[in-house]
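Input: a single structure, listed below in structure tokens.
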Amino acid sequence: MKILAFSDIHGKKSALIKIKNKTMKENPNLLICAGDLSFFSQKLKILINYLDNLNKPLLIIHGNHESIESIEKYKSKNIIPIHNKIFLIDNYIFFGYGGGGFTKIDKKLEKEIEKYKLEFKNKKLIIITHAPPYNTKLDLILNHIGNKSIRNIILKYKPILAISGHIHENETQEDYIQKTKCINPGMYGKIIKI
């Protein structure tokens, strides 16, 4: 499976054009947005319509610049909000959790993901969060500022991939937590083969 993941576009036209060009060139099976598509929800409808017109399924979560409701409002055949939801395709299961980015511990996330633990069995799990996991190259700005709950979830459920954003200074960084590949794909997007 081929994924085109991106995060933190904040409404930049140049980033959307790169995403479109990569979609046309690489023909990914699906797109993933790890939040902050907009700048405080400005022109969100236009941004989502642009991505909808790429005619690829887009799994999307909100960042700290959108709300759950603002993303849900524009769901369609191609636009698939997955905050606190799962999405299955073949033997892959995607779990998304948006928002945040500024807390070290998220007890609500830890509780909510428990609802899906039986669904994860015998599937290849991919986790999409806006905040990065703690103590990785994805959360390092002088000190580690990521989320410890996300790190603990990765250690517990052992996804094959964890996609996040939020920390612009670390876009395109990759790291591992045990065998889980952790990626901040950045605003221009990254092709990931799984």
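In this structure, is LEU51 buried (at least 22 other Cβ atoms within 10 Å of the Cβ), of a type in the set (A, V, I, L, M, F, W, C) and free of Cβ contacts under 8 Å to residues at least 40 places away in the same chain?
Considered against the rule, which asks whether it is buried (at least 22 other Cβ atoms within 10 Å of the Cβ), of a type in the set (A, V, I, L, M, F, W, C) and free of Cβ contacts under 8 Å to residues at least 40 places away in the same chain, LEU51 comes out as yes.
Which ones in the range 1-15 are outside any strand (DSSP E or B) and within 17 Å of the chain's Cα centre (by Cα)?
Scanning the range 1-15 gives MET1, SER7, ASP8, ILE9, HIS10, GLY11, ALA15.
Given the residues PRO132, PRO81, which is the only one that is buried (at least 18 other Cβ atoms within 10 Å of the Cβ), at pLDDT 95 or above and in contact with a Leu (Cβ under 6 Å, 6 or more places away or on another chain)?
PRO132
Can you tell me which residue in the range 29-47 is nearest to LYS13 (Cα to Cα), limited to those that are out of contact with any helix residue (DSSP H, G or I) (no Cβ under 8 Å at 6 or more places or on another chain) and surrounded by 18 or more Cβ atoms within 10 Å (Cβ to Cβ)?
ASP36
Can you run down the residue pairs with Cβ atoms below 9 Å, 6 or more apart or on separate chains, where the first is in the range 153-172 and under 17 Å from GLY63 (Cα atoms) and the partner is assigned to a strand (DSSP E or B) and at pLDDT below 95?
Every condition considered, the pairs that remain are SER164/ASN147; ILE167/LEU140; ILE167/ILE141; GLU169/LEU140; GLU169/ILE141; ASN170/LEU140; ASN170/ILE141.
In the range 76-101, what count of residues is obtained for those that are assigned to a strand (DSSP E or B) and over 9 Å from ILE60 (Cα atoms)?
10
Just to be sure I understand the filter: pairs with C-beta atoms under 8 Å, separated by 6 or more residues or on different chains, first member in the range 19-37 and without any contact (Cβ under 8 Å) to a residue 24 or more places away in the chain, second member assigned to a helix (DSSP H, G or I) and surrounded by 19 or more Cβ atoms within 10 Å (Cβ to Cβ). Which pairs pass?
Final answer for the pair search is none.
For the range 102-129: of the residues being touching a residue at least 40 places away in the same chain (Cβ under 8 Å) and in a loop (DSSP other than H, G, I, E, B), which is surrounded by the fewest Cβ atoms within 10 Å (Cβ to Cβ)?
ILE105
If you take the residues of the range 30-75 that are part of a loop (DSSP other than H, G, I, E, B) and among the hydrophobic types (A, V, I, L, M, F, W, C), which of them is nearest to ILE194 (Cα to Cα)?
The residue in question is ALA34.
Return a yes/no flag: does the range 153-165 have any residue that is in a strand (DSSP E or B), out of contact with any helix residue (DSSP H, G or I) (no Cβ under 8 Å at 6 or more places or on another chain) and surrounded by fewer than 19 Cβ atoms within 10 Å (Cβ to Cβ).
no
Please enumerate the residues belonging to the range 142-172 that are polar (S, T, N, Q) and modelled with pLDDT under 95.
ASN143, ASN147, ASN170, THR172
Evaluate the following for LYS18: is it farther than 16 Å from LYS73 by Cα, in contact with a Pro (Cβ under 9 Å, 6 or more places away or on another chain) and outside any strand (DSSP E or B)?
No: the conditions fail for LYS18.
Within the range 130-142, can you find the residues that are of a type in the set (A, V, I, L, M, F, W, C) and in contact (Cβ under 8 Å) with a residue 12 or more places away in the chain?
Within the range 130-142, ALA131, LEU138, LEU140, ILE141 qualify.
The values are calculated or read from the model by the stated rules, or taken from the named source; none is laboratory data. These numbers were taken from a predicted model, which means no experiment stands behind them. Here Cβ is always computed from backbone atoms with ideal geometry, including for glycine, and neighbour counts include all displayed protein chains.
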